[in-house]
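Taking it in order: structure first as structure tokens, then the write-up.
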Ligand SMILES: Nc1ncnc2c1ncn2[C@@H]1O[C@H](COP(=O)(O)OP(=O)(O)OP(=O)(O)O)[C@@H](O)[C@H]1O
């Protein structure tokens, strides 16, 4: 149930942004551990129906507002799948090189809250907006005056949202104050079909559903440095999820750093077999350069992927 607790935490944060944020947008990432050059690769072999999972989207937080309030009414959807243990097995891998003009691999970024996923994503988008992009989430809430359909969100009716959930069209979704928010598989497809690299951040449980020949996810785990370096580097950093009494974004506390480190350890233990690249976000520029280089290599060099991804 630890995972569910974690989901709730992020869900509350997400919900806070959703409700108040007129300019929230999506983002994401992908990945699978740069497969080691052995023929058999350890993977999570649980093939769960996507209909059995639900969540909410971290990706919604790409642009975030300055203000936040504490709301606890958000209910993250839970399902039995979160309680099922991962069963790492082996899978056959083969060498793969993306052909010129072929769709890019989906890039999935995962990491503990506050580690810097959005910062890295933002830097990628700014560095090359023609090359990198993020998904546009769906919502069943009413469109606000200043919003446009297909820009901030895809606005759809609750009935259609329900139908789409039923038809497994969302990789993650959640409900807040009677409105749904979610990221559709088609939103990923839309980015990839424009020959752009789609950056997605999802809960680690979702990765297994995206490990298909179609998406060929490249999963990057962003890890915090040791606590001394967190304290040094995050002196002026602000927690997106926290606000003080005056509504100002909170600075990180030692407890926040410790929680980040604990979560990182848990994520690595439970999902490390799915991470293709691990980046320690110590110095931000260095982490960004490392990420950029890794993505460049995935686009241009031969590497290992599950053989099943090359059959279709
Ligand atoms: N390497 C770094 N050095 C200094 N500050 C950093 C670094 N990486 C991120 N930050 C800062 O830490 C704060 C949290 O980063 P960010 O919002 O990107 O984290 P996140 O992983 O998206 O977290 P959350 O899940 O809470 O949204 C921001 O103020 C960001 O500018």
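The values are calculated or read from the model by the stated rules, or taken from the named source; none is laboratory data. It should be emphasised that the depicted structure is a prediction, and the values quoted were computed from it without experimental measurement. Cβ sites come from the backbone with ideal geometry, for glycine too, and all protein chains shown count toward neighbours.
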Residue tally, condition in a loop (DSSP other than H, G, I, E, B) and surrounded by 13 or more Cβ atoms within 10 Å (Cβ to Cβ), over the stretch 152-175: 4
Among the candidates 306, 217, residue that is closer than 22 Å to residue 135 by Cβ, touching a residue at least 40 places away in the same chain (Cβ under 8 Å), away from the ligand (no atom under 16 Å from the Cβ) and crowded, with 17+ Cβ neighbours inside 10 Å: 217
Condition met for residue 255 (more than 10 Å from the ligand (Cβ to nearest atom), free of Cβ contacts under 8 Å to residues at least 40 places away in the same chain and farther than 13 Å from residue 112 by Cα): yes
Residues that are away from the ligand (no atom under 15 Å from the Cβ), crowded, with 21+ Cβ neighbours inside 10 Å and in a loop (DSSP other than H, G, I, E, B), drawn from the stretch 106-135: 106, 135
Single condition residue 226 does not satisfy, out of (1) within 27 Å of residue 97 (Cβ to Cβ); (2) surrounded by fewer than 21 Cβ atoms within 10 Å (Cβ to Cβ): (1)
In the stretch 274-293, residue farthest from the ligand (Cβ to nearest atom) [restricted to those that are buried (at least 19 other Cβ atoms within 10 Å of the Cβ) and assigned to a helix (DSSP H, G or I)]: 274
Which numbered condition residue 205 fails, given (1) at pLDDT 95 or above; (2) closer than 23 Å to residue 183 by Cβ; (3) away from the ligand (no atom under 12 Å from the Cβ): (1)
